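Take a look at the structure below.
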Amino acid sequence: LQADLRRSDARRVQAEAATQSARDDAARAAEAARAEQARLGEEIAGLELRLHQLERQVAESHGYYQRDTTDLARQRDIALAQRDEAQQLLDHLRASLAWRLTSMPRRLARSLRLRGQALAFHARHLLSLTERGLASLRSRGVAGTLRRMRER
């Protein structure tokens with residue numbers, strides 16, 4: 001009986017030690033969980049602050065976008081109004097008696113101007129051909145120049 005009592009005491013002591021060890025492990029795990037919870041709480045608070053800052057920046061950027069869009073629309077409307085006004089003025093001018101009476105002299109002046117420009121072009125072209133011909137005669141002679149002209 002004494003031996004059973006000692007074994008029973010030994011098992012009880014072992015069970016108490018195991019229970020105490022399990023309690024210590026549970027206390028350490030609970031402390032680690034509380035520390036992790038505190039760290040995650042701080043991280044969440046930081047992320048919420050960053051989210052608030054980003055939402056404020058988005059709202060500010062949207063305000064700039066709205067303002068710029070409004071300004072561009074206003075500038076477009078002004079440009080269209082100016083274009084329409086200029087077109088009306090031009091239509092009015094073209095419908096006037098003075099414009100119709102001066103159409104013949106304007107056509108004559110344009111024709112003379114275009115003919116003068118064409119004449120100047122042809123004169124420059126003829127001068128260029130003459131200079132090229134003389135340069136060819138100087139470098140190739142008459143026979144070489146004639147041979148070159150036949151090749152082309």
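Taken together, the values in this text are just the output of simple stated rules run on the coordinates, not laboratory data. Just so you know, these numbers come straight off a predicted model, no measurement behind them. Glycine gets a Cβ as well: all are built from the backbone with ideal geometry, and neighbour counts include every protein chain shown.
Tabulated values for the structure
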{"quantity": "Label-to-label distance, nm, for residues given as residue 64 and residue 124 (7 Å Cα→Cβ offset)", "calculated": "5.1 nm"}
{"quantity": "Cβ-Cβ FRET estimate between residue 31 and residue 52, R0 fixed at 35 Å, reported to 0.05", "calculated": "0.65"}
{"quantity": "Gain on full stretching of the segment that runs from residue 148 to residue 23 - 0.36 nm per residue minus C-alpha separation", "calculated": "33.7 nm"}
{"quantity": "Segment residue 104-residue 43, extension gain: residue separation times 0.36 nm, minus the distance between their alpha carbons", "calculated": "13.4 nm"}
